[in-house]
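What follows is a single structure, written as structure tokens, with notes after it.
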2 protein chains.
Amino acid sequence: MIRLSAFYNSIFRGTLAALLSGVFAFNAIAQSIKNRPKSAPDQDFMYQYSIIDALMAGVFDGDLTIGQLKKKGDFGVGTFNRVDGELLIDKGHVYKISYDGSVKEVPDSDSTSAAFVKFFKADTIIRLNGPGLTYEKVQEQIRHMLNPNGIYALRISATFPTMTTRAEKPASKPYTSLPEHLKHNQVVFELKNTTGICSGFLLPPYLARTNVPGFHLHYLADDHKSGGHIFNFTTDALTIEVDMARGFTIENNTNAEFGKVNLQPDRGAELKKIE
Amino acid sequence: MIRLSAFYNSIFRGTLAALLSGVFAFNAIAQSIKNRPKSAPDQDFMYQYSIIDALMAGVFDGDLTIGQLKKKGDFGVGTFNRVDGELLIDKGHVYKISYDGSVKEVPDSDSTSAAFVKFFKADTIIRLNGPGLTYEKVQEQIRHMLNPNGIYALRISATFPTMTTRAEKPASKPYTSLPEHLKHNQVVFELKNTTGICSGFLLPPYLARTNVPGFHLHYLADDHKSGGHIFNFTTDALTIEVDMARGFTIENNTNAEFGKVNLQPDRGAELKKIE
């Protein structure tokens, strides 16, 4: 893995610099994981089916089965055909968090219209402690420790006094845009004292249009009784497993609708509103 | 290849619709290539090392050797370390077009800071005939025939009464941005009555920041005595081989500079000026 060393070293320096500069109001510990084999090169790329802008534009059906998706990664986020709920993959299990709040493991025969996955193997573990950590503060601290140009899968474990998530009702044809659909079909969950994992990614600005720049995490409670797309949380302590990817593979949605929607406009501002 | 059929069909319909609607001032023929095996699925993705915005920002060195690049594709465009000339790959041979106008085949030990390649296998052949075709008119007609959301490798063969290209002198450290470097180090070639191939891509708007949206072609004369990054040409007849990709793999530049440059700003307007 000689080719990766320069970039990885610069990240590690960034982490140390951040720790030494005292930018953290909270206690933060970052450990590089050693003596653990790196992922095979072809497993160290993020993979995504379809692009966020196609989902935004209303391409709500896809042809990739969950069985096929599992061959591309054992960890990640996404949605299902008809945007029927929030998708979360952890340790190779694919879960659907539905608008009624229920969580189900999904059969391989289901399909997705958009999903972002990776074979997860942590490079670094970050531990944050301190009273009143919010999602926003956690984002700020993670950004100080990681390189802004890197592609990172993040797996966060914690107990959350509060956790605000959403899931959406499935759409019926003719489909509208995703923001329009969410306006009428989004259900927000205010979870209390829940323990679980956040699965997702921190992505650089150059992946705008294809994916969600910044943080994009879904939640799954350990008891598999709640979850959803994360809007906010509070916590006093988290463990953040970080897996930096070497790159990114985009497979275009093969549904005919993908060829018909207008992907010219920059939907970044619209996307921010619904994230 | 069942999963590809819907999107491919929609493209073929688009082509027929364009032909029937009489949008062409010139004679245009598009043929789907049948009885020819499609590329293996994993060879039907475009691959790129680094991203255009990193090159724009001055990340002029990379760690990918030409030997490694050849394993990712047998066709495409790019540049070399220190932006020392224009890179063109055709049929597995990698050529450097230098600022002095010379063309050399490149040893596997050379390295690239940015390259965009694919294993080329044409799906469709388009023939355009008519006096006074310009690069601009050819772009317009190809756009009518292909899907605006598709990822296409294009290989164009023709005799060109005029062909305007550029190549750049290599940079010295400390590097500036690419636009700044080109301002002082770009050499423009006005070629006459030259026969050769244009190698490159037509990419959708959602690949802005990572690559060049729209057309990006390099030229190589059949006698290997001239070439470069194409600005303009005129011709009376072209054969355009089209290879639609299923997707796109981005491998981040592993040079430490990649982690240091600012990839936040949208460099699209700057990029248009130098293309």
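Tabulated values for the structure
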{"read-out": "Nearest-to-axis residue of chain A, judged by beta-carbon position, where the axis maps A onto B, in Å", "value": "A:T249, 2"}
{"read-out": "Other copies of B:E275: label-to-label distances in nm, shortest first, labels 7 Å along the beta-carbon direction", "value": "2.4"}
{"read-out": "Summed buried accessible surface, chains A and B, 1.4 Å probe, nearest 100 Å²", "value": "3200 Å²"}
{"read-out": "7 Å along Cα→Cβ, label-point gaps from A:Q31 to other copies, nm, shortest first", "value": "6.5"}
{"read-out": "Solvent-accessible area, 1.4 Å probe, carbon plus sulfur percent, for chain B", "value": "51 percent"}
{"read-out": "Using alpha-carbon coordinates, inclination of helix B:135-145 to the longest axis of chain B, degrees", "value": "50 degrees"}
{"read-out": "Net charge contributed by nearby residues that have their C-beta within less than 15 Å of B:L182 (K/R +1, D/E -1)", "value": "+1"}
{"read-out": "Options B:L217, B:L154, B:S177, ranked by Cα towards positive dipole end of segment B:152-223, top entry (Cβ charges)", "value": "B:S177"}
{"read-out": "Kirkwood estimate for segment B:42-272, i.e. one over the average of 1/r between Cα atoms, Å", "value": "17.5 Å"}
{"read-out": "Size of electric dipole in segment A:92-240: Cβ of Lys, Arg +1 and of Asp, Glu -1, about Cα centre, debye, nearest 20", "value": "220 debye"}
{"read-out": "Tilt relative to chain A, helix A:5-20 - C-alpha long axis, 0 to 90 degrees, to 10", "value": "70 degrees"}
{"read-out": "Local net charge near A:P205, Cβ-Cβ under 9 Å (Lys/Arg +1, Asp/Glu -1)", "value": "-1"}
{"read-out": "Qualifying trypsin sites (Lys or Arg not before Pro) for segment B:197-275 [loop in DSSP, other Cβ within 10 Å: at most 11]", "value": "none"}
{"read-out": "Inter-probe distance in nm under a simple model that places probes 7 Å from Cα toward Cβ, at A:S102 and B:N262", "value": "5.1 nm"}
{"read-out": "Selected from B:H229, B:H216, B:H184 as most flexible by GNM, with chain B as the system and alpha-carbon contacts under 10 Å", "value": "B:H184"}
{"read-out": "Charge sum, other residues only, whose C-beta stays under 12 Å from A:T112's C-beta, Lys/Arg counted +1 and Asp/Glu -1", "value": "-3"}
{"read-out": "Vicinal HN-Hα couplings computed from phi for segment A:97-109 (Karplus, 6.51 cos²θ - 1.76 cosθ + 1.60; Hz; Gly/Pro x)", "value": "9, 8, 5, 8, x, 6, 10, 9, 7, 9, x, 4, 7"}
{"read-out": "Whole-number accessible area per residue in Å² for the protein assembly as shown, which is evaluated in the context of all protein chains at 1.4 Å", "value": "39 Å²"}
{"read-out": "Backbone HN-Hα couplings from phi across segment B:125-131 [Karplus 6.51/-1.76/1.60, Hz, Gly and Pro as x]", "value": "10, 10, 10, 10, 10, x, x"}
{"read-out": "Residue among A:I151, A:I89, A:I126 with the largest mean-square fluctuation in a Gaussian network model of chain A, springs linking Cα atoms under 10 Å", "value": "A:I126"}
{"read-out": "Interchain or long-range residues, amide H under 5 Å from B:A245's placed H", "value": "B:I151, B:Y152, B:A153"}
{"read-out": "Most fluctuating residue given options B:A256, B:A122, B:A153, as computed from a GNM of chain B linking Cα atoms under 10 Å", "value": "B:A256"}
{"read-out": "Separation in nanometres of the label points that stand 7 Å from Cα toward Cβ, at A:Q31 and A:E136", "value": "3.2 nm"}
{"read-out": "Other-copy label distances relative to A:K104, 7 angstrom Cα-Cβ extension, nm", "value": "6.4"}
{"read-out": "Spread of Cα-to-Cα distances over 10 Å intervals beginning at zero, given as percent, for the protein assembly as shown", "value": "4, 18, 27, 25, 16, 8, 2, 0"}
{"read-out": "Extension gain (nm, one decimal) between A:H93 and A:I125, 0.36 nm per residue minus Cα-Cα", "value": "9.3 nm"}
{"read-out": "Solvent-accessible area lost in complex, 10 Å² minimum, residues of segment A:201-218 relative to chain alone, 1.4 Å", "value": "A:P205, A:Y206, A:L207, A:A208, A:R209, A:T210"}
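The values are calculated or read from the model by the stated rules, or taken from the named source; none is laboratory data. Keep in mind that this is a model prediction, so the values were computed, not measured. Cβ atoms come from the backbone with ideal geometry, glycine included; neighbour counts cover every protein chain shown. What goes into the accessible areas is simple: the full protein's heavy atoms, side chains included, and nothing from ligands, DNA or RNA. Shrake-Rupley method; radii C 1.70, N 1.55, O 1.52, S 1.80 Å.
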